[in-house]
Amino acid sequence: MSQILHFADHEFLLDASGALYWPARNSVIISDIHLGKIAHFRKHGAALPSDAQFENYSRLSRLIARFSPEQVLIIGDLFHSTLNSEWPVFEQFIRSHQIGYKLIVGNHDIIDPSRFSALDIEVSDTLNLDNILFSHFPDHQSPIYRISGHLHPAIRLNIGSSERRTLKCFYIKNNQLVLPSFGYFTGNARIKRSEVDQVYVIAEDQVIAI
Amino acid sequence: MSAITETSIKWLNSQGYAPHAFQLECWASASAQMNGLLMAPTGSGKTYALGLPMLLQADASKKALQGIWITPLRALSFEIYQALNYANESMGLGLQIALRNGDTATKERQRQQKNSPHILVTTPESLHLILASKGYSKRLKQLKLVVIDEWHDLMGSKRGVLIELALSRLRSLSSTLTTWGISATLKDHSLAVDVLSGKRAQNQKWVSIRADIDKAIEVVSLIPKTMDRFPWRGHLGIHLIDQVIEAIHKHKTVLIFTNTRSQCEIWYQHILEKAPEFAGEIAMHHSSIDRQTRSWVENAIRNESLRAVVCTSSLDLGVDFAPVEAIIQIGGPKGVARFMQRAGRSGHQPGATSLVYFVPTHAIELIESSALRMAIESKAIENPTPYLLCYDVLIQYCCTLAVSEGYKEASLFEEVKKTHCFQALTLEGWKWIQNFLVNGSQSLATYDEYKKVVHNEEHLMVIENRGLAMRHRLQIGTIVSDAALQVVFQSGGYIGTVEEWFAAQLKAGDVFTFAGRTLEFIRLKELKVVVKRASSKPSKVPSWMGGRLSFTSEMSDLLKETLQQAHQPHADQDEEFKALKPIFERQAKESYVPKKEEFLIEVFQTKEGFHHVFYPFEGRFIHEALASLLAYRISLMHPLSCTLAYNDYGFELLSDQPLEISALWENNLWDSSYIYEDLYKSLNITEMSRRTFRDIAVISQLVFTGYPNKSVKTKHLQSSSQLLFEVFKSHEPDNLLYLQAKRETLEHKLEEGRLIRILDRIAKTDPLVAHCSLPTPFSFPIITDRLREKLSNESLADRIRKMTAKLEHS
């Protein structure tokens, strides 16, 4: 279930996967997948289940199947670390899902850009589309509309009298829209409701405005 | 008489003391190469009972480690070190005695490695660090005696497992090694001996020695002058502050024990406000306060410069404070062992009486004071439950050996199976662990870069990667601290730690009290809470999770026993019961005061709904489980909307319709089978397991907690254990560490065994149902609890929608 969002005079869909869908351009926008993180941990001696790395790819395939986008825009932290054993899995995924990919680099994206170019993934620092600036790092004072990631926002909610849950969320502050992390094995950073203008939480398969 | 005994008696006499019977027994048994358990209170001379044999058995001419003394606390290890060194010098033995713990400088550690002392005083973690260093097997070969102090405290924790494993290694290295444990008096000491000894070799002899020392403890309840002003519920006890201040004035030094850190902060503030004359003479001590400040406080107690210290269980153990004349216990200590330990903190001079003032936080709690007096007569404390099959600790231990000299898979399996903890370890389980270490629990996949333990050419399991080895050494141990943020002054200076969630709710300018200071929050910077001194009144007191205590089963039995006094003639009652007379009269008029085998249930109606209050008197953790279980099982029979509340005495189901009490028995709702499945669905066991898993993930080094003071560089390797838990839950639910989290939650947090016994007992009793017209003194504290659990089967999204709808209304 998605929630419609009017932002910067455009219509978007906030998807419960954490992705943003832009119907006018038939594009999906995702942030902070942190691919290769499980492999990175394993390489350093933490025995996480290696099967878990495929979860991110099944999320991506489900997303692509759901919207059939012409383009996937990744606004940073696509890969968690340097090249590791997961890179071939990623290559295989991109080759079998032939659509347009654009990567806006984040602080974790330290892999040589030529590796991405070889897969026909366009790499840039920021991108301006229809008067919206796409960047990895948010800027809450941005004079123009801006869509970013980086923060992995989540909010803590009281559910009932004594139960509290921390849930991933989208939020808007001034001209800035921040996306939650799309990745499976990524942490969250809690924001406070009072600090932002609008919050949309992901509650299982639904997106709810708070 | 053995030479050791003779020399020991002579020396003790020269110091002006006559040996106790238990000391003579220890000396004789140790001379005869026996192993044993000594049960003796602190301050009774237990150090010399085993310290003298350790010194006298050592050969000063041999440059080798011959005795190890393990203590749970650094502070305690220093005292032992001083005592041993004093005897060594006074007898002119010429032995080298060294101290090694987390505070020991690298230079000193290297010196110890090159030039081995004869005797080492250390902690379980530091002992494992020795096992993680190359050449340990040679250095520990000549070991004769290992003494484990405060064994009752260690054996119920994973640090006890560290000791069991280390002992199994040491026993293989030195065939003449003997082991002694020192503990408080336990109800059943055979278990303590079994855990310490593991599977015994045939020629090994074990003895248990009980020090027959009567430590007189006097319990004085502070009873309010007028009972009608005494609240029926509460948890702070502040209304008795005048009497507490009066008690402080009567003594040179007192320790004021509170049950939680926030209660400690609050009491400290209130005492200073009420009695400003104590400024500078009163201090605070709890585990979130910076270690330097804490040791300053400890020293200040010793040199008599403090009148009172408000503290938590951080001062329960160990160090002897001679000047302490009395203890003030705020609220029920909830367990006999904890109470005895605290009581023992006062009256340290031989023959002196330990004086304890008990400050009830509400009326009914006064009964606990009377129950504790009964506990003193029986002298024995609860048996700790030892941990079984701790795969997390075993994984850490395998890495420890892999880092130093390597191990052989088959022989180490036989060796660890000799410990109590791993006696039931199967070959399959062992293979799983080895595969976990070598292949990261996966079947070998070609693209995988998992790296940890490898088989080397000599068929030894080793960790060759230096980075991994270094990270391992930094993470040895089983004490997992909470995610804590440092509180620092803007001008510099570290004060202590608060939990992340408390820091998260602070806004710039908020004033809170911490470590006895009034502080203004400035900002959060790199995991640091930056503050400055504030002059305005504080509005917040930090609280810490996990501070809550619940009755132990011994405490519960004592309480039920004590309650019988209410049925005795007034003249035979303790002063607490005499003071509670009006309250018991009211309880008896409205309902019943249950006799020992009776199970009281009170039923009444208010405008809130139908109240059903059950009184098992088993402590709040057990009550939480019972209430959830019962509500869930009722809801299976017919739709039920109810809320739950509980305290240490009983629990309540509040519903919109009356429950038929007899139906609970007729429908077999107290059945003890399938409790895991039912609790899994009713209580938030997943959440509890997730918390247990956090410790397991750290101990087994699935998460790297970072280098001290260098947290940023390793950030790419950090992850919350919650995330890990989810990963295992969906991708590797048969992982032994994940299963261990579930098992430990059930066995240690929910006390499965006890829960089953209680359910079976309830199922067999006839309930005593009282239909009341009003809340009773017993039920009042429960039904007015504002933190109620609600039984709900709505979806997450619906609950959030409902909540936001509510927000908009208000």
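Read-outs throughout are calculated quantities, based only on the coordinates presented, and are distinct from any laboratory measurement. Keep in mind that this is a model prediction, so the values were computed, not measured. In this analysis, Cβ positions are derived from the backbone assuming ideal geometry, glycine residues included, and neighbour counts consider all displayed protein chains.
Just a few scattered comments:
- Under-5 Å amide H pairs with A:HIS136, H placed in peptide plane, nonlocal only: none
- Fewest-first sequence of A:ARG193, B:ARG754 by Cβ atoms within 10 Å of each Cβ: A:ARG193, B:ARG754
- The label-point distance for B:ASN13 and B:LYS408, in a model that sets each label 7 Å from Cα toward Cβ, rounds to 5.2 nm.
- Here is how the number arises for the protein assembly as shown: DSSP H runs of 4 or more residues each give -39500 (n - 2.57), the sum is divided by the residue count, and the result at 222 nm is -10500 deg cm²/dmol.
- For region A:70-76, 3J(HN,Hα) computed residue by residue from phi via the Karplus equation (6.51, -1.76, 1.60; θ = phi - 60°) reads 7, 8, 10, 9, 9, 9, x Hz, glycine and proline entered as x.
- Region B:99-152 shape via C-alpha gyration tensor axes, a/c threshold 1.5: oblate
- Extent of region B:583-709 along its three principal axes (Cα atoms, max minus min coordinate, largest first): 63, 36, 31 Å.
- Peptides B:596-609, A:166-179 ordered by packing proxy, namely the average of other Cβ atoms within 10 Å per residue, highest first: A:166-179, B:596-609.
- Peptide B:434-441 - average C-beta neighbours from other chains (10 Å radius): 3
- Separation of the alpha carbons by more than 31 angstrom is noted, of B:LYS417/B:LYS451; A:LYS168/B:LYS742; B:LYS46/B:LYS134; A:LYS43/B:LYS144; B:LYS274/B:LYS749, for B:LYS46/B:LYS134; A:LYS43/B:LYS144; B:LYS274/B:LYS749.
- 25 Å tail of the calculated P(r), region A:1-105, as % of Cα pairs: 24 percent
- Per residue, the convex hull spanned by the alpha carbons of the protein assembly as shown comes to 193 Å³.
- P(r) histogram, all alpha-carbon pairs of region B:485-533 included - 5 Å bins from 0, percent: 5, 24, 41, 25, 4
- Backbone amide hydrogens, once placed in the peptide plane, bring B:LEU186 within less than 5 Å of B:ILE381, excluding anything fewer than 5 places away on its chain.
- Taking the Kirkwood radius as Rh and the Cα radius of gyration as Rg, region B:217-378 has a ratio of Rg/Rh equal to 0.94.
- Here the peptides B:455-465, B:634-644, B:324-334, B:163-173 are ranked by packing, the mean other Cβ count within 10 Å, and the order with the highest first is B:324-334, B:163-173, B:634-644, B:455-465.
- Each principal axis of the Cα atoms in region B:634-691 has its own extent, and those three values, largest first, are 36, 25, 24 angstrom.
- Top of A:ILE110, A:ILE29, A:ILE147 by mean-square fluctuation, Gaussian network on chain A, Cα under 10 Å: A:ILE110
- Footprinting exposure proxy for B:THR692, B:THR784, B:THR776 (fewest neighbouring C-beta atoms within 10 Å first): B:THR784, B:THR692, B:THR776
- Size estimate for region B:3-210 follows the Kirkwood approach: the inverse of mean 1/r over distinct Cα pairs works out to 17.0 Å.
- Inter-probe distance in nm under a simple model that places probes 7 Å from Cα toward Cβ, at B:HIS771 and B:LYS681: 3.2 nm
- Highest-MSF residue in chain A out of A:SER27, A:SER194, A:SER142 [GNM, Cα springs under 10 Å]: A:SER194
- A cut-off of 5 Å between modelled amide H atoms, ignoring neighbours fewer than 5 places along the same chain, links B:THR178 with B:LEU145, B:VAL146.
- Summarising the label geometry, the points placed 7 Å from Cα in the beta-carbon direction at A:GLU195 and B:LYS250 lie 5.2 nm from one another.
- Estimated FRET transfer efficiency when R0 is 41 angstrom, pair B:GLN202-B:ARG757 (beta carbons, to 0.05): 0.70
- When B:THR258, B:THR47, B:THR385 are sorted by how many other C-beta atoms sit within 10 angstrom of their C-beta, beginning with the fewest, the order is B:THR385, B:THR47, B:THR258.
- For chain B, the fraction of C-alpha pairs more than 37 angstrom apart is 49%.
- Cα-derived Rg over Rh, computed across region A:51-210 with Rh taken as Kirkwood radius: 0.98
- For region B:599-681, with +1 on Lys and Arg beta carbons and -1 on Asp and Glu, the positive-most of B:TYR649, B:PRO616, B:MET637 along the dipole: B:MET637
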